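The values are calculated or read from the model by the stated rules, or taken from the named source; none is laboratory data. Fair warning: this is a prediction, and the values are worked out from it, not measured in the lab. For neighbour counting, all protein chains shown are included, and Cβ atoms are generated from backbone atoms with ideal geometry for every residue, glycine included.
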Amino acid sequence: MSDYRKESFLALLEGKMTRKRGKHLEDASDKDLYYVISSIVKDEITPKWLKTQEKYQENKTKQVYYISMEFLIGRLLQSNLLNCGMLDICNEVLKDIGRNPEEIYKHEHDAALGNGGLGRLAACFLDSIASLKYAGQGSGIRYRYGLFEQRIIHGNQIELPDYWLKEEYPWETRKADEAIEVRFGGKINMHKKLNGDFEFSYEDQDKVMAVPYDVPVIGYQNEVVNTLRLWSAEVTEDESKLMSDPSSQYYHHLDHSHSIEQISGFLYPDDSSFEGKELRLKQQYFLVSATIQGILKNFKATHDISLAHLSEKVVIQINDTHPSLAVPELMRILMDDENFSWDEAWKVTASVIAYTNHTTLSEALEKWPTSMIQKLLPRIYMIINEINERFCKGIWFDHPDLRDKIPELAVIADDQIHMARLAIVGSFSVNGVARLHTEILKNKEMKYFYKLYPNRFNNKTNGITHRRWLLQVNPCLSETITEAIGPKWIQEPNKLIGLLRYSNDAPFLEKVGKVKKQNKETLAKLILNQTGIKVDESSIFDVQIKRLHEYKRQLLNIFHVIYLYNELKENPSLDITPRTFIFAAKAAPSYHLAKEVIKLIHHVAATVNYDKQINSKLKVIFLENYNVSLAEKIIPAADISEQISTASKEASGTGNMKMMMNGALTLGTLDGANIEIKDLVGDNNIFIFGLTSDQVHDYYQYGGYVAKDIYHTDDRVKRILDQLNSGEFGHQEIEFKDIFYNIMYHNDPYFVLKDFDPYIESHELVERSYRDKNTWQRMSVTNIAYSGKFSSDRTIKEYASEIWKL
Ligand code: GL4
């Protein structure tokens, strides 16, 4: 590092510290430093931000708008420093002045504007779009409360509000002059025009201001700065004037303004089940209407061509069905404000919007009661109705073979609006997020739509940004890689494949092994700090971190732990490789069974960790409040990545990719992107077990699985289930009855017992493999080498060339 650059960074730091915080550097707290460094980054990138946006305007560049109810961005300081090329210098200067960079970066509150994979994917995509120099914007909601903070008390999950905006958020810029009015409710008037068409006007609507807060999205050392625009709901100016009028009904207005601000009040904390709350519908329309109005405004300001050409300059990707009101909203504006005919408006809409499906879980399907939409969005309802009628007529006349399928295809059926159907009908592209998932969409879940629109369906296997998930979180591994194959992999992650040449190179393997050991030591310290439990750093770190859901089968994992515990109790001198099982997971607040599993993990941990006879061989750790920042600490230290969902249920998974990229070996089912990982690394470099997606499908379809039979025939299984019932884990016999009942009397809907035996066998193979350090390290390096494919840069290039045509 040149001394000159260091000196000038130090001078900046000193200058800013006195001006901004009124302090000398030596008196600055870690928090002062956090704010001052953020402000240095902002100064550095603001001219580039302006320039990027001006260039898009001047060149009339085609833009992609990624609309999502979730952006799980986590902390930004470190990744912003990295992307603008200042991370090394900043770290060095901080160390020179005796400060610990980690302690400083910790002062940023995680922006948890998302639940899990879907929201984190959106954040990775923004990073790749900017790093690949594409013109793209994210559009989301600036929730005042992000995903709840999790505390565990006696094994029970308690949710605390996440008021992340308590202190200034340095990355956002409020753009009050770009606020947009969004309207709800009201009366619709129809007038017949001379040409026979109808004209619509609205009366008595409730008005809400959508105020944008822009967050910069910095490309990796390439001068590009894109925007994530987060909308905040506020009362309109007229409304706030009324509030200060002494003759007005003050409390009425106060109540009203409170209900408006609620629209961007909090993130719904459920990852994958639909809750038909009116407030959620308001959030969705608020996001969509503000975004689309903004897009059209910008289009008109930039281009001198008609809106009929919108698709030449704009593409809108909707992240799952949550923003699918984009379809009728764009229709509404084109027809009612821009005087397009239905056909003209439809042509534009259906060539601009593209839809990504992220799940086939039926409980996640969004279906709004028609009455709710009719009341809240009367004009939107009329448009959806018309879309539905035209669509159904089209099937009747053009696809007689599908006539009897109309009830399964109709956008409106059983007094409900089926949002996935609306999204498919109103878009030009429908994609799944991993090969298997897309095949399931085409051949099962959406097969009649696939018949109607075979060319609309396509696959885009997910990815993760290797800049955050390797370069930033695992600097020592990154350096080791660069020493071996040079730095080109950072720009072109596929170049990681060059590591294959080193998979038999003993000194290289040793270095990689050493880095993993260091990362495990760091995590062990964190575990000790958080839980008071000391774990064996040479044990296998077996990691399952993700939302808690029955289909993800944390239950299968903890059953295996109980099995090992039972084996060791029976034979304490059993020679097993010591294991540390690490869990972290939030359960949706209303998801009872998921919370029971969290409790079970804690009770098993309490039994195992304090049993002197065996606790040198087995530890169970549950790390509280899983979020992006915690993931960044755990992932570099993982040996085994547990990806054990019931086959067909996990659309893709992205944690699997993050851990693979950091050298963990996958222990998983043939589900989601696990299959693509396996295809790349080969059967010898992954541990695969369990039912296939087809087998699972057939059991659901034709029956033939009886969980109780396994209980009665497999002693290991019987023992575990009886332990749940006997109060061995927990305080009383009834503690885990709901888990027991679900398996025995609801016939184990996620096949935990069915996959138990192959899972145990796979674990035994893991254990044997780990004993051969050399083989293990070779497998680990093979995984890193092939992980380049799972960079979101690859995914985004595919979106850009095959869907967005940027
Ligand atoms: C999810 C899927 O469950 C997950 O497999 C996938 O990786 C992610 C991103 O595509 O989307 N769908 C929903 S809903 N939540 C998810 O995390």
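Out of curiosity, is Asn725 touching a residue at least 40 places away in the same chain (Cβ under 8 Å) and over 30 Å from Tyr66 (Cα atoms)? If you could, list the steps in order and put the result at the bottom.
Numbers: touching a residue at least 40 places away in the same chain (Cβ under 8 Å): no; over 30 Å from Tyr66 (Cα atoms): yes.
It is false that Asn725 is touching a residue at least 40 places away in the same chain (Cβ under 8 Å) and over 30 Å from Tyr66 (Cα atoms).
Hey, among the residues in region 263-275 that are of a type in the set (Gly, Ala, Ser) and within 16 Å of the ligand (Cβ to nearest atom), which one's modelled with the lowest pLDDT?
Per the criteria, the residue is Ser272.
For Lys488, indicate whether it is away from the ligand (no atom under 16 Å from the Cβ) and closer than 21 Å to Ala354 by Cα. Steps first, answer last, please.
Numbers: away from the ligand (no atom under 16 Å from the Cβ): yes; closer than 21 Å to Ala354 by Cα: no.
When the stated conditions are applied, Lys488 does not pass them.
What's the number of the condition Asn319 fails, among (1) under 24 Å from Glu802 (Cβ atoms); (2) away from the ligand (no atom under 16 Å from the Cβ)?
Every condition holds for Asn319 apart from (2).
Can you tell me which residues in region 66-100 are more than 22 Å from Gly219 (Cα to Cα) and buried (at least 17 other Cβ atoms within 10 Å of the Cβ)?
Hits for region 66-100 are Met69, Val93, Leu94.
Using the structure shown, decide if Ala664 is within 16 Å of the ligand (Cβ to nearest atom) and either hydrophobic (A, V, I, L, M, F, W, C) or surrounded by fewer than 24 Cβ atoms within 10 Å (Cβ to Cβ) (or both). First the steps, then the outcome.
Values: within 16 Å of the ligand (Cβ to nearest atom): no; either hydrophobic (A, V, I, L, M, F, W, C) or surrounded by fewer than 24 Cβ atoms within 10 Å (Cβ to Cβ) (or both): yes.
No, not satisfied.
For region 743-769, name all the residues that are out of contact with any Lys or Arg (no Cβ under 7 Å at 6 or more places or on another chain), part of a loop (DSSP other than H, G, I, E, B) and over 13 Å from Lys708 (Cα atoms).
Result: Asp755, single match.
I need a count of the residues in region 712-742 that are modelled with pLDDT under 95, under 34 Å from the mean Cα position of the chain (by Cα), in a helix (DSSP H, G or I) and closer than 21 Å to Lys569 by Cα.
1
Among the residues of region 688-704, is any touching a strand residue (DSSP E or B) at 6+ places or on another chain (Cβ under 8 Å), within 23 Å of Leu470 (Cα to Cα) and either in the same structural domain as Val561 (by TED's automatic domain parsing) or crowded, with 24+ Cβ neighbours inside 10 Å (or both)?
Taking region 688-704 and keeping what is touching a strand residue (DSSP E or B) at 6+ places or on another chain (Cβ under 8 Å), we get 688-689.
Next, from what is left, pick out any that are within 23 Å of Leu470 (Cα to Cα): none.
Within region 688-704, not a single residue is touching a strand residue (DSSP E or B) at 6+ places or on another chain (Cβ under 8 Å), within 23 Å of Leu470 (Cα to Cα) and either in the same structural domain as Val561 (by TED's automatic domain parsing) or crowded, with 24+ Cβ neighbours inside 10 Å (or both).
Glu386: among the acidic types (Asp, Glu), in contact (Cβ under 8 Å) with a residue 40 or more places away in the chain, out of contact with any helix residue (DSSP H, G or I) (no Cβ under 9 Å at 6 or more places or on another chain) and surrounded by fewer than 17 Cβ atoms within 10 Å (Cβ to Cβ), yes or no? If you could, list the steps in order and put the result at the bottom.
On the way: among the acidic types (Asp, Glu): yes; in contact (Cβ under 8 Å) with a residue 40 or more places away in the chain: yes; out of contact with any helix residue (DSSP H, G or I) (no Cβ under 9 Å at 6 or more places or on another chain): no; surrounded by fewer than 17 Cβ atoms within 10 Å (Cβ to Cβ): yes.
Criteria not met by Glu386.
Has region 397-405 got any residue that is crowded, with 17+ Cβ neighbours inside 10 Å, touching a Phe, Trp or Tyr at 6+ places or on another chain (Cβ under 6 Å) and of a type outside the set (A, V, I, L, M)?
Looking for residues that are crowded, with 17+ Cβ neighbours inside 10 Å, touching a Phe, Trp or Tyr at 6+ places or on another chain (Cβ under 6 Å) and of a type outside the set (A, V, I, L, M), one finds none in region 397-405, hence no.
Tell me, please, whether a residue that is surrounded by 19 or more Cβ atoms within 10 Å (Cβ to Cβ), at pLDDT 95 or above, within 30 Å of Gln150 (Cα to Cα) and within 16 Å of the ligand (Cβ to nearest atom) can be found in region 333-355.
No: zero hits.
Please report, ordered by residue number, the strands (runs of 3 or more DSSP E) entirely within region 107-199 with at least 1 residues that are of a type in the set (Lys, Arg).
Passing ranges, in order: 146-153, 180-184, 187-192.
Return the residues of region 32-52 that are closer than 12 Å to Leu77 by Cβ and charged (D, E, K, R); say none if nothing qualifies.
Step one: list which residues in region 32-52 are closer than 12 Å to Leu77 by Cβ, which gives 33-42.
The one that is closer than 12 Å to Leu77 by Cβ and charged (D, E, K, R): Lys42.
Picking from Asn504, Asn458, Asn494, which residue would you name as being over 29 Å from the mean Cα position of the chain (by Cα) and either closer than 29 Å to Ala651 by Cβ or not in a helix (DSSP H, G or I) (or both)?
On the way: Asn458 fails: over 29 Å from the mean Cα position of the chain (by Cα); Asn494 fails: over 29 Å from the mean Cα position of the chain (by Cα).
The match here is Asn504.
Examine region 566-574 for a residue that is in a helix (DSSP H, G or I), among the polar types (S, T, N, Q) and over 26 Å from the mean Cα position of the chain (by Cα), and state whether such a residue exists. Even if it seems obvious, please write down each step before you answer.
Applying the first criterion (in a helix (DSSP H, G or I)) to region 566-574 yields 566-570.
In the following step, the residues that additionally are among the polar types (S, T, N, Q) were identified as 566.
If we keep only those that are over 26 Å from the mean Cα position of the chain (by Cα) as well, we get 566.
Yes.
What are the residues in region 220-246 that are surrounded by 20 or more Cβ atoms within 10 Å (Cβ to Cβ) and of a type in the set (A, V, I, L, M, F, W, C), if any?
Val224, Val225, Leu228, Leu230, Trp231, Ala233, Val235
Which count do you get for residues in region 538-577 that are touching a strand residue (DSSP E or B) at 6+ places or on another chain (Cβ under 9 Å) and acidic (Asp, Glu)?
Total meeting the criteria: 1.
Quick one: would you say Pro328 is in contact with a strand residue (DSSP E or B) (Cβ under 7 Å, 6 or more places away or on another chain) and under 26 Å from Lys207 (Cα atoms)?
Values: in contact with a strand residue (DSSP E or B) (Cβ under 7 Å, 6 or more places away or on another chain): no; under 26 Å from Lys207 (Cα atoms): yes.
When the stated conditions are applied, Pro328 does not pass them.
For the subset of region 173-219 comprising residues that are under 30 Å from Gln53 (Cα atoms) and among the charged types (D, E, K, R), which member is surrounded by the fewest Cβ atoms within 10 Å (Cβ to Cβ)? Give the derivation first.
The initial filter retains those residues of region 173-219 that are under 30 Å from Gln53 (Cα atoms), namely 173-183, 207-219.
Add one more test, that the residue is among the charged types (D, E, K, R), and what stays is 174-175, 177-178, 181, 183, 207, 214.
Values: Arg174: 13, Lys175: 13, Asp177: 7, Glu178: 15, Glu181: 13, Arg183: 15, Lys207: 16, Asp214: 18.
Out of the qualifying residues, it is Asp177.
List every residue pair whose Cβ atoms lie under 6 Å apart, where the two residues are 6 or more positions apart in sequence or sit on different chains, the first residue falls within region 472-489 and is of a type in the set (Phe, Trp, Tyr), and the second residue, located anywhere, is modelled with pLDDT of 95 or more and surrounded by fewer than 19 Cβ atoms within 10 Å (Cβ to Cβ).
Pairs that qualify, where the first residue is of a type in the set (Phe, Trp, Tyr) and the partner is modelled with pLDDT of 95 or more and surrounded by fewer than 19 Cβ atoms within 10 Å (Cβ to Cβ), are Trp489/Lys495.
Determine if region 613-629 includes at least one residue that is surrounded by fewer than 24 Cβ atoms within 10 Å (Cβ to Cβ), within 14 Å of the ligand (Cβ to nearest atom), under 24 Å from Gln157 (Cα atoms) and not assigned by TED's automatic domain parsing to the domain that holds Ser272.
Yes, the conditions are met somewhere in region 613-629.
List the helices (runs of 4 or more DSSP H) inside region 602-711, counting only whole elements, that have at least 3 residues being free of Cβ contacts under 8 Å to residues at least 60 places away in the same chain and not hydroxyl-bearing (Ser, Thr, Tyr).
Working: elements: 628-634, 655-661, 674-681, 693-702.
Helices (runs of 4 or more DSSP H) meeting the threshold: 674-681, 693-702.
Looking at region 129-149, is at least one residue more than 16 Å from the ligand (Cβ to nearest atom), aliphatic (A, V, I, L, M) and closer than 26 Å to Lys31 by Cβ?
no
Quickly run through region 361-370 and pick out the residues that are within 16 Å of the ligand (Cβ to nearest atom) and either buried (at least 19 other Cβ atoms within 10 Å of the Cβ) or aliphatic (A, V, I, L, M) (or both).
Step one: list which residues in region 361-370 are within 16 Å of the ligand (Cβ to nearest atom), which gives 361-367.
The answer is Leu361, Ala364, Leu365, Glu366.
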